[in-house]
Amino acid sequence: PRSNSNNDNGQQTPKTQLSHTPSVRKKGVKDFEFGKTLGEGSYSTVVAARDRSNNREYAVKILDKKHIIKEKKVKYVNIEKNTLNKMNHPGIVRLYYTFQDPDSLYFVLDHAKNGELLTFIKKLGSFDMDCTKFYAAQILSAIEYMHSQGVIHRDLKPENILLDDKMHVKVTDFGTAKILEQNADGEEDDRANSFVGTAEYVSPELLKEKAACKSSDFWALGCIIYQLIAGRPPFKGANEYRTFQKIVNLEYSFPDGFPTVARDLVQKLLVLNPSERLGSGGKAGVERLKAHSFFQGIDWDTLWQQPAPNLL
Ligand SMILES: NC(=O)c1nn(CC2CCNCC2)c2c1CCc1cnc(N=C3C=CCC=C3)nc1-2
């Protein structure tokens, strides 16, 4: 969590505002030189941008106010901003500050220059075990942190796992995340009933009970580890309905040559009952997952300081 002296600009304002201290000016569109479009959503566009004052590169998410209101997405936009504001971890895209103009909201975020993990899976076909272990460990480290902040991502997939200039993981797209503390009174979150993630990575409990839980992110991790090695996700039908059927019936198989230790881990993550999934059961559950022999050799304390293994 940021120190509470940070203003909207994410900049430190001196605790005692001395009279001669210049007031911190809010950034605006004119402070940036916008470049290529990185992605488009139904009510947002993400554009690479350079801050003219310090030449720093960002990804600026531009949200159209009229569209947000028309599509009744105000709640999602607030969830995304509140979630990102809570996050302070090397494996999660950082929100530096926000500003607005009459038509749009602007979220100034980390720019992950190497794009989506999916691009590298497609380019390479599959990852070797060292690369798979490193990226699975970084994704798990980011999930562990998110959960410690009471946040479930709910839509983890190789398209939302970005890679920065050091080829380290940057998880993004928290627009459909669930903040657990919002249901302090234990009320079922109505969004849990409406939102379903991306077909290939959605957990059986989200399909059957419409109840996302932390364990749903571990299910997605199992699908991603399988895909890093096999080059394709474990559950893929001719259409979304067929994919959902495969998931709830746990209908998948390992290709020949799938490493045994990875097979054992995936089998312990792709478990229909979320409470029996490896990783579930709070901190102790995550520690059991991190201790799995698949992660042998991973130093969790220095993981984010290590150079990424060479993918190519
Ligand atoms: N929805 C978002 O918040 C978001 N969307 N993108 C681009 C998407 C493209 C499709 N797959 C998911 C990401 C971003 C962000 C956060 C902030 C963010 C930071 N860096 C990048 N970098 C990219 C570099 C090359 C290609 C795509 C993205 N992208 C984003």
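What follows draws every value from the coordinates through simple rules; no lab data is involved. Not measured: the values here are computed from a predicted model. Methodologically, a virtual Cβ is constructed for each residue, glycine included, from the backbone with ideal geometry; neighbour enumeration extends over all protein chains shown.
A few remarks follow.
- Compared with the alpha-carbon gap, the fully stretched path from Thr119 to Glu240 is longer by 41.4 nm at 0.36 nm per residue.
- Residues Thr243, Thr45, Thr260, Thr83 arranged by fewest to most Cβ contacts within 10 Å: Thr260, Thr45, Thr243, Thr83
- Largest GNM mean-square fluctuation across Asn55, Asn160, Asn78, computed for the chain with C-alpha springs under 10 Å, falls on Asn55.
- Evaluating 6.51 cos²θ - 1.76 cosθ + 1.60 at θ = phi - 60° for every residue in the stretch 166-174, the Karplus couplings come out as 9, 6, 9, 5, 9, 6, 9, 6, 9 Hz, glycine and proline recorded as x.
- When Trp219, Trp304 are sorted by how many other C-beta atoms sit within 10 angstrom of their C-beta, beginning with the fewest, the order is Trp304, Trp219.
- Inter-site label distance for Arg25 and Gln100 at 7 Å from Cα along Cβ, in nm: 2.2 nm
- Global form of the chain, assessed from the alpha-carbon gyration tensor, a/c cut-off 1.5: prolate
- Each residue in Met167, Met129 was given a count of other beta-carbon atoms within 10 angstrom of its own, and listing them fewest first yields Met129, Met167.
- Fluctuation leader among Gln227, Gln296, Gln100 - the chain, Gaussian network, Cα springs under 10 angstrom: Gln296
- GNM flexibility winner over the chain from Arg94, Arg25, Arg56 (Cα, springs under 10 Å): Arg25
- Close amide H contacts of Tyr96 (hydrogens built in the peptide plane, cut-off under 5 Å, sequence separation of 5 or more or a different chain): Val108, Leu109, Asp110.
- FRET efficiency for Ser293 and Ser126, using Cβ-Cβ distance with R0 set to 25 Å, rounded to 0.05: 0.80
- As a rough guide to protection, the peptides 32-38, 84-90 ranked by mean Cβ packing within 10 Å, highest first, stand as 84-90, 32-38.
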